[in-house]
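These notes are about the structure you will find just below.
The values are calculated or read from the model by the stated rules, or taken from the named source; none is laboratory data. On a predicted model such as this, the values are computed, not experimentally measured, just so you know. Here Cβ is always computed from backbone atoms with ideal geometry, including for glycine, and neighbour counts include all displayed protein chains. Accessible surface areas use protein heavy atoms only, side chains included; no ligands, DNA or RNA. Shrake-Rupley method; radii C 1.70, N 1.55, O 1.52, S 1.80 Å.
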Amino acid sequence: TFLAISDCSSKVVRLFLIDKDGGLSSIGVQAVPHPVKSLHFHFSEGMESRLHLLVGTKGGTCVRVRVDTTTGQLSERRGRFLGVRDVNLRSIDLSSGKASLALSSSPWLIYSRQDGDLHSSPLASKQIDLAAPFCIRDEDDVIAGFVAVSGSDLRILTFENPESITSGSKDLTG
């Protein structure tokens, strides 16, 4: 099990391994371009399972780093500027699996494709200030999405398939 820590004023994230006895072993350090706002692990399941550390920064950048699940070695660092606001990261369920929501000046959905690769797509939605995930399962169907606050508006957004996310999301509030 891994633990990522930052003091939210520095531009450094430290990665630790939690051993079976509860001890911590430092296994990696990742520098990012701006002070850290939020941290989130994203586990991709597919033909090849992968673990990514997502770092939302106070400068509007979301950084993703691949974490080797055996050694904890960090690799494949990529960053994307999402807007001028701080980046807050949230975990959400989709009917096709887990995803991450990156909130900044514009919201982005970060999800895994079947090959295990991590992809990000902008949402066809105005700025989102807060979001909470939901997932409704019954015998025949799964409805997943999130409830979002944007200014004084309350919105409910769901996605049929993250692969087609660029065509937009459904706003169930009319």
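Within the range 98-140, restricting attention to residues that are in contact (Cβ under 8 Å) with a residue 12 or more places away in the chain, more than 16 Å from the chain's Cα centre (by Cα) and part of a loop (DSSP other than H, G, I, E, B), the residue that is nearest to Val84 (Cα to Cα) is Gln127. Of all residues in the range 1-11, which are open to solvent by 50 Å² or more (accessible area, probe 1.4 Å) and under 21 Å from Cys62 (Cα atoms)? Across the range 1-11, the qualifying residues are Leu3, Ile5, Asp7, Cys8, Ser9, Lys11. Every listed requirement among (1) open to solvent by 50 Å² or more (accessible area, probe 1.4 Å); (2) at pLDDT below 80 is met by Thr158 save one, (1). Applying the set (1) on the phi > 0 side of the Ramachandran plot; (2) free of Cβ contacts under 8 Å to residues at least 24 places away in the same chain; (3) surrounded by 13 or more Cβ atoms within 10 Å (Cβ to Cβ); (4) not basic (Lys, Arg) to Asp68 leaves exactly one unmet item: (1). Within the range 33-45, the set of residues being in a loop (DSSP other than H, G, I, E, B) and within 16 Å of Ser100 (Cα to Cα) comprises just one member, Glu45.
Taken together, the criteria place Leu24 among residues that are more than 29 Å from Gly83 (Cα to Cα) and either modelled with pLDDT under 95 or open to solvent by less than 40 Å² (accessible area, probe 1.4 Å) (or both). Is it the case that Gly97 is more than 28 Å from Leu123 (Cβ to Cβ), surrounded by 14 or more Cβ atoms within 10 Å (Cβ to Cβ) and modelled with pLDDT under 90? Answer is no for this residue. Scanning the range 49-59 for residues that are over 17 Å from Ser121 (Cβ atoms) and open to solvent by less than 60 Å² (accessible area, probe 1.4 Å) turns up Arg50, Leu51, Leu53, Val55, Thr57, Gly59. Filtered by the rule that a residue be more than 15 Å from the chain's Cα centre (by Cα), surrounded by 15 or more Cβ atoms within 10 Å (Cβ to Cβ) and of a type outside the set (S, T, N, Q), the range 144-155 gives Ala144, Val147, Ala148, Arg155. Would you confirm whether any residue within the range 78-85 is assigned to a strand (DSSP E or B) and buried (at least 17 other Cβ atoms within 10 Å of the Cβ)? Checked against the condition, which is being assigned to a strand (DSSP E or B) and buried (at least 17 other Cβ atoms within 10 Å of the Cβ), the range 78-85 yields no hits at all.
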